[in-house]
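So the structure is just underneath, and the comments pick up after that.
The values are calculated or read from the model by the stated rules, or taken from the named source; none is laboratory data. Computed from a predicted model, the values in this text were never measured in an experiment. Heads up, the Cβs are rebuilt from the backbone with ideal geometry, glycines too, and the neighbour counts pull from every protein chain shown. Surface accessibility is based on the protein's heavy atoms, side chains included, excluding ligands, DNA and RNA. Shrake-Rupley method; radii C 1.70, N 1.55, O 1.52, S 1.80 Å.
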Amino acid sequence: MDERLQLQITAIHKSSKACYGAPRIHAELRASGVRVGKKRVARLLRLAGLKPKKRRHFRTGAVSAQNYPIAGNVLNRQFTTAIPNAAWVADVTYFATHEGWLYLAVVLDLFSRRVVGWSMSPRNDTNLVLSALSMAMQNRSPSNNVLVHTDRGSQYASLDYRRFIANRCIVPSMSRKGDCWDNAVMESFFASLKVELKRATLWATRSEARTAIFEYIESWYNRQRRHSTISYLSPVEFEKCQHVT
C-alpha cells in the first residue's frame, strides 16, 4: 500500500513543479478520493527525499512616492473578506531577461486570493499598474466601492492613478512607510511566484518570460494551485463553491 501511495505522492509533487509539501499533497489525495492521514503523507515524503521549494524574500519594483498625496492604511492588515470584490491588493515585481527587465503588476482579490488583474511591461510606470487595475475592473465589474491596497510606489500616487480610482469610486489604501507586512498577501504571492518559476538560466527574451508568467497565473495559480487560506482549494474552485460568477 505504501508503494502505491508513494507513487501517487511523487506524481503530485512532480506535477506541482516541486511546490507542494505534505499539506497540499494531502489535500490533492483527498480530492482524488484517497483516504490517508497528513502524518503518513509527510512520512512518505521524507522517505522519498522530496521537499517543497523554499520561498525567499524579494524586493518589489516600487519607486517610493515623494511629493505625492499618500492615502491612509484603510485595509489595516484585514486580509480576509466575507464577500468578493470588497478588498483587493496590488503591487509590482520584476524579472530579469537577456533583453532587460520585465515588470509585472498584479491585482489580487482577498476573498479568494484570485489574481483578477495583471499587466506586464518593460517599463515600471503608471500605465503598467493602471492596465492591471483596468483588467481587474473589467473581469470583476464590482458593484460596491472596492478598496484597493498598495504600497507607496510613485505609480500608485500619481495623478493619473488617482484620477482613475476617483472616477470609479475605488477606495485607496496604502501601506505605512517601509512596512512590507501591511501588504503581506501580495508579498506572499510574489514570493511563491518567484520560487515556483525559478530557472537555472535567464529567459532569453521578454516574450518567453511573459508566456511563462501568463501560464503560471492563469493555468496554474488561479485554477490549480491549492491555497492554505481557502481550505486548500484553488481560487477558482473556492469561488465556484461560494457561487461567485
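Below, the figures for the structure above:
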read-out	value
Total formal charge among the other residues, if their Cβ is under 10 angstrom from that of residue 85, Lys/Arg +1 and Asp/Glu -1	0
Gained length - residue 228 relative to residue 240, 0.36 nm times residue gap less alpha-carbon distance	2.6 nm
Positive dipole terminus of the stretch 162-245, leading residue within 219, 165, 204 (C-beta point charges)	165
Degrees between helix 184-196 axis and first principal axis of the chain (Cα, 0 to 90, nearest 10)	50
Most to least accessible of 149, 98, 243, 227 (protein chains only, probe 1.4 Å)	243, 98, 227, 149
Prolate/oblate/rounded label for the stretch 115-242 (Cα gyration tensor, a/c 1.5)	oblate
Relative contact order, percent, the chain [alpha-carbon distance under 8 Å, six or more residues apart]	20
Table column - 3J(HN,Hα) (Hz), the stretch 100-112, Karplus curve with 6.51, -1.76, 1.60, x for Gly and Pro	x, 6, 10, 9, 10, 9, 10, 10, 10, 7, 5, 4, 10
217, 12, reordered so the largest accessible area comes first (probe 1.4 Å)	12, 217
Spin-label proximity, residue 77 to the stretch 174-192 - amide N less than 20 Å from point 7 Å beyond Cα toward beta carbon	174-191
Degrees, to the nearest 10: 38-48 long Cα axis against longest axis of the chain	80
Cα centre as origin, Lys/Arg/Asp/Glu Cβ charges: the chain dipole, Debye	1000
Residue 201 accessible area, assembled protein chains, probe 1.4 Å, Å²	90
Neighbour-limited loop hits for trypsin sites (Lys or Arg not before Pro), the stretch 90-157 (at most 14 other Cβ within 10 Å; DSSP other than H, G, I, E, B)	123
Angle in degrees between helix 22-31 and the longest Cα principal axis of the chain, rounded to the nearest 10	80
Cα pair distances in the chain, grouped into 10 Å bins until the bin that holds the longest one, percent each	7, 30, 32, 21, 8, 2, 0
Sorted peptide list for 162-168, 106-112, criterion being average Cβ within 10 angstrom, highest first	106-112, 162-168
